[in-house]
Amino acid sequence: MSNLENHKNIHFLSASDRINYGDLLFPLVSKAMFESLSSAEFKNYGLVKSDLSAFGAMPTDSYKVLQQDLTKHEGNLVLGGGEMFFPSWQKLYAYINPLYAKINKPYKIMKIEERLNIARKMLSYGKVDLPFTPDIEKFGNGKSALFFNSVGGVLPPEESSRYLEVVKTALGKAKHVSVRDNRSKSYMDRIGIDSTLVPDSALIMSDLFPITELEKKLSLDLHELPKSYAFIQFAIDKSPKDLKTFVEKLEITLSRLGITGLLCPIGISANHEDQVALAELKSYSKNFVMVEPKNLYDIMYLIARSEVYMGTSLHGMITAYSFNTRFIPLNTKVTKLMSYCDTWTKTFCAGCTDFEDVDNVEGLYNNWDFDASKLALGEQKQKVYDNYNKMVSNFIA
């Protein structure tokens, strides 16, 4: 990684204003990378001003501050993180503000909000149609450069007529668009947007936060952890329909493998609520250990040190992959997990296992090909590094 010349400020925008493990990783990884490649100042933004530093995250300035900053001083706007191409202001604000989510739950109220765009006007200056797919010419003073760093998402069919031209115009003005899976790449090709296929940027986390460094950031008492365990997680809306049967089957499988089930929430924000789903699982059995993470490094360390990660979180899976730990993604209905596996891991992990097929976990565990995963990991990390270099080489100076 060579150090490139000085550039104008790097304005980084992501959904890092809520406690969702994957979203909190993106600014940390990108700040480390951009500071190694440029002496430009890194500034972090979300929809709202937040300070989740107690959870190990970077504070965010608000979307309005971002607009003000880019009006005064043009710079490089980098969009980083997950399924961020097309979510609306309403959907994203509902993740952050439970009261807003509750008020807008009734269908009639939701339709009024969509017509009046209250969230958009409240959170921005009303010029940007989609918060994470901004038209750079309507953003700030219109002289900044826009970059998409290994993001994902496709426009839902019901939104196509409303947003398709907005999306095409915005993406067409970006200096660099990189996407993280074949599903997103196919969509970009279909709407005529030139894009690069790159693994998720968080894949390099094990290089930036090796185990020895993680141990210094932990709030955990390591003596209280099981010696050998499976890290288990799922979101409330992605949990098993028949939880009792799943628990019974999983107990038998883990007993045969000689490991303990460790339950740990990753997504705590609205519409994720892993802690609720896992607490219900724990109520069916005393044989599982529940851990409440105090910061994101607890989560990273627990996954890295596990014998296997089992869950519905893409970034839980990517964390395991980064540290060359076994992973068994759960629930074939989680499209982004299935697509990511199809794009990057199918030589050693073909995709998700459904909850009712938990009997298959023992075979997947015992037949895990560490050599194949390590080889693929090295090649894919290099693609992430190359993508950061390509972005910086196109920054406006």
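The values are calculated or read from the model by the stated rules, or taken from the named source; none is laboratory data. The structure presented is a predicted model; accordingly, all values stated were derived computationally and were not measured. For neighbour counting, all protein chains shown are included, and Cβ atoms are generated from backbone atoms with ideal geometry for every residue, glycine included. These area figures cover heavy atoms from the full protein model, side chains too; ligands, DNA and RNA do not enter into them. Shrake-Rupley method; radii C 1.70, N 1.55, O 1.52, S 1.80 Å.
Consider residue 105 against the criteria (1) buried (at least 18 other Cβ atoms within 10 Å of the Cβ); (2) without any contact (Cβ under 8 Å) to a residue 40 or more places away in the chain; (3) not in a helix (DSSP H, G or I): it satisfies all of them except one. Which criterion is unmet?
Going through (1) buried (at least 18 other Cβ atoms within 10 Å of the Cβ); (2) without any contact (Cβ under 8 Å) to a residue 40 or more places away in the chain; (3) not in a helix (DSSP H, G or I) one by one, residue 105 breaks only (1).
May I ask you to verify whether residue 330 is at pLDDT 95 or above and more than 16 Å from the chain's Cα centre (by Cα)?
Judged against the criteria, residue 330 is a match.
Among the residues of the range 200-218, write down those that are of a type outside the set (A, V, I, L, M, F, W, C) and in contact with a Gly (Cβ under 9 Å, 6 or more places away or on another chain).
Selection gives 200, 201, 217.
Filter the helices (runs of 4 or more DSSP H) completely within the range 154-267 down to those with at least 2 residues that are open to solvent by 20 Å² or more (accessible area, probe 1.4 Å) and modelled with pLDDT under 90.
Result: 160-172.
Right, residue 307: open to solvent by 50 Å² or more (accessible area, probe 1.4 Å), at pLDDT 95 or above, farther than 16 Å from residue 220 by Cβ and not aromatic (Phe, Trp, Tyr) or not?
Yes, satisfied.
Is it the case, given these coordinates, that residue 12 is in contact with a strand residue (DSSP E or B) (Cβ under 7 Å, 6 or more places away or on another chain) and of a type in the set (Phe, Trp, Tyr)?
yes
Residues of the range 268-285 being open to solvent by 10 Å² or more (accessible area, probe 1.4 Å), assigned to a helix (DSSP H, G or I) and either in contact with a helix residue (DSSP H, G or I) (Cβ under 8 Å, 6 or more places away or on another chain) or more than 28 Å from residue 295 (Cβ to Cβ) (or both), which ones?
Selection gives 276, 280.
Identify, by number, the condition in (1) modelled with pLDDT under 95; (2) buried (at least 21 other Cβ atoms within 10 Å of the Cβ) that residue 77 doesn't meet.
(1)
Looking only at the range 332-364, how many residues end up being in a helix (DSSP H, G or I) and open to solvent by 20 Å² or more (accessible area, probe 1.4 Å)?
13
Okay, residues lined up against (1) of a type in the set (Gly, Ala, Ser); (2) open to solvent by less than 10 Å² (accessible area, probe 1.4 Å); (3) more than 20 Å from the chain's Cα centre (by Cα):
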site: 14; (1), (2), (3): yes, yes, no
site: 21; (1), (2), (3): no, yes, no
site: 26; (1), (2), (3): no, yes, no
site: 32; (1), (2), (3): yes, no, no
site: 36; (1), (2), (3): yes, no, yes
site: 39; (1), (2), (3): yes, no, yes
site: 68; (1), (2), (3): no, no, yes
site: 87; (1), (2), (3): no, no, no
site: 91; (1), (2), (3): no, no, no
